[in-house]
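What follows is a short report on a single structure.
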Amino acid sequence: MTQDERSNFPDAEWKARVDLAAAYRLTDHFGMTSLIYNHITARVPDTEDQFLINEYGLGYEEVTASNLVTIDMDGNILDEGDHRINVTGYVIHSAIHAARHDVTCVMHTHTPYGMAVSALAKGLMPLQQDGYEFHERVAYHEFEGVAVDIDERERLVTDLGDKNAMIMRNHGLLTVGRSVAEAWLRMWQLEQACKVQVLAQSTGQAIRRAPLPAIEQAAALADREPVDLEWAWLLRTIDRKDSSYRN
């Protein structure tokens, strides 16, 4: 992208685009993709009714800051040219962006361990220190079929409530954050918590639960954990691999 093309975007929006494109590349880097499907979205800064989403058909390793698509809460594409978006991405993400003004970024995945836990009757069972941030902090949403019905948006929002992580039953995972970094890191941790649970249960041995006061202490500390250091390292990691997401 030339400097003239870059100047078409306000500074705040360009930063949001770069962070969101990085989130797509990192999701690919850490093996959390499902071909061309699923979505990560970010609110356009200084707006209440616009957000950025990936061009439908691109792989996560192909997403860049400039090829993200701007849409409004009614699903209208606001950018010039021919663009495609995934309808399910619009339905799920518009619901949360419209209702949760504290949320900047929404991330939805079909990760293997997340999908496995989404199919368990009792859902998530955080079993170790890194997973305790989700202790009594995860919402659940019943599977209603492929999310193409806009009427589902109201139920999605009701089920999520004020929580920042949700297991979509028999479907996958969803996280939100005040920043792209926060939503992405929360998703990574949620998938890890699901992985630990599935591996522990697969041994067939009795599950040992930590003392409740210790779990609650770890959860409270996780709420205050800054994400800046981790995100800076993640950006350095993906820059070393391929910095074209910044274009």
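The values are calculated or read from the model by the stated rules, or taken from the named source; none is laboratory data. Predicted model only: the values in this text are computed from it and were never measured. Note: ideal-geometry Cβ built from the backbone for every residue, glycine included; neighbour counts use all protein chains shown. The area values use the complete protein model at the heavy-atom level, side chains included, leaving out ligands, DNA and RNA. Shrake-Rupley method; radii C 1.70, N 1.55, O 1.52, S 1.80 Å.
Observations
- Ranked by the mean number of other Cβ atoms within 10 Å per residue, highest first, peptides 148-156, 129-137 order as 129-137, 148-156.
- Accessible surface of the chain, 1.4 Å probe, proportion on carbon and sulfur as whole %: 50
- For region 14-21, the Karplus equation 6.51 cos²θ - 1.76 cosθ + 1.60, evaluated at θ = phi - 60°, returns couplings of 4, 4, 4, 5, 5, 4, 5, 4 Hz by residue, with Gly and Pro reported as x.
- Reachable lysines, given that their alpha-carbon falls under 22 Å from the alpha-carbon of LYS15 and they are not under 8 places away in the same chain: LYS241
- For HIS39, the residues 5 or more places off, or on other chains, whose built amide H falls under 5 Å of its own are HIS108.
- Derived scalar couplings ³J(HN,Hα) [region 35-50; Karplus, 6.51 cos²θ - 1.76 cosθ + 1.60; whole Hz; x for Gly, Pro]: 6, 9, 9, 6, 7, 10, 10, 9, 5, 5, x, 6, 10, 10, 10, 9
- Karplus-derived 3J(HN,Hα) values for region 23-28, using 6.51 cos²θ - 1.76 cosθ + 1.60 with θ = phi - 60°, are 4, 5, 5, 5, 4, 5 Hz; glycine and proline are entered as x.
- Simple Cβ-charge dipole of the chain, Lys/Arg +1 and Asp/Glu -1, about Cα centre, in debye nearest 20: 1160
- 23 Å Cα-Cα reach of LYS122 towards lysines, excluding residues that sit fewer than 8 places from it in its own chain: LYS163, LYS195
- Rounded to the nearest 10 degrees, the inclination of helix 228-241 to the longest alpha-carbon principal axis of the chain is 60 degrees.
- Region 173-247-region 139-155 distance, computed between alpha-carbon centres (Å): 25
- Solvent accessible area, Å² - HIS29, 1.4 Å probe, full protein context: 70
- Beta bridges by DSSP in region 93-231, antiparallel share as percent, to the nearest 5: 75
- Compactness of the chain, taken as the C-alpha radius of gyration over 2.2 N^0.38 Å, stands at 1.01.
- 1.4 Å probe accessible area per residue over region 130-227, in Å²: 53
- Surrounding net charge for ILE92, when Lys and Arg each add one and Asp and Glu each subtract one, Cβ distance under 10 Å: 0
- Look at the alpha carbon pairs under 8 Å that are at least 6 residues apart: their mean separation over the length of the chain gives a relative contact order of 22 percent.
- Cα shape, region 1-107, gyration tensor, a/c 1.5 rule: rounded
- Computed over the chain, the per-residue total of -39500 (n - 2.57) for DSSP H runs of n ≥ 4 gives a 222 nm mean residue ellipticity of -13000 deg cm²/dmol, rounded to 500.
- Taking Lys and Arg as +1 and Asp and Glu as -1, the other residues whose beta-carbon sits under 13 Å from that of TYR132 total -4.
- Entry for region 56-106 at q = 0.19, 0.25 Å⁻¹: log10 I(q)/I(0) = -0.71, -1.12, Debye formula applied to identical alpha-carbon scatterers, no solvent contribution.
- Summary value for region 74-206: 34 percent relative contact order, contacts being C-alpha pairs under 8 angstrom separated by 6+ residues.
- Formal net charge of residues neighbouring TYR60 (Cβ-Cβ distance under 12 Å; K, R +1; D, E -1): -4
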